[in-house]
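These notes are about the structure you will find just below.
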Amino acid sequence: MPHKDLPTLISLNDACKLTSLSRTAINRYRAEGRFPQPVPIGFKRIAFVRAEVVAWIEARIAERAAKAAKREAA
């Protein structure tokens, strides 16, 4: 069982499941600097810090709320 204070690494497939994005979309966002960068963990193997992916998701939700509030104010 992982310790709460330790970072948790997740695979690209797990990042896809968390975000509902395809591998291609995540790789494109990474290349554009719009997604958390991976941690190299072995030869041709990467992982993502789960907390960073969750923070990215939360930021997308916050952007949606901000846009909705702006539309309502207009």
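Quick notes
- Test for Phe35: is it assigned to a loop (DSSP other than H, G, I, E, B) and among the aromatic types (Phe, Trp, Tyr): yes
- Qualifying residues in region 35-54 (those that are among the hydrophobic types (A, V, I, L, M, F, W, C) and in contact with a strand residue (DSSP E or B) (Cβ under 9 Å, 6 or more places away or on another chain)) - the one surrounded by the most Cβ atoms within 10 Å (Cβ to Cβ): Phe48
- Filter pass, Arg60 being loosely packed, with under 15 Cβ neighbours inside 10 Å, of a type outside the set (Asp, Glu), in a helix (DSSP H, G or I) and more than 10 Å from the chain's Cα centre (by Cα): no
- Candidates in region 46-70 are the residues that are among the basic types (Lys, Arg) and without any contact (Cβ under 8 Å) to a residue 24 or more places away in the chain; of these, the one that is nearest to Leu18 (Cα to Cα) is Arg60.
- Total residues in region 1-51, condition within 20 Å of Glu63 (Cβ to Cβ) and among the β-branched types (Val, Ile, Thr): 2
- Any hit, region 1-23, residues being among the acidic types (Asp, Glu), loosely packed, with under 10 Cβ neighbours inside 10 Å and assigned to a helix (DSSP H, G or I): no
Throughout, read-outs are computed from the coordinates displayed, never taken from laboratory work. Computed from a prediction, not measured in an experiment: that's the story for all the values here. We place every Cβ from the backbone using ideal geometry, glycine too, and count neighbours over all the protein chains shown.
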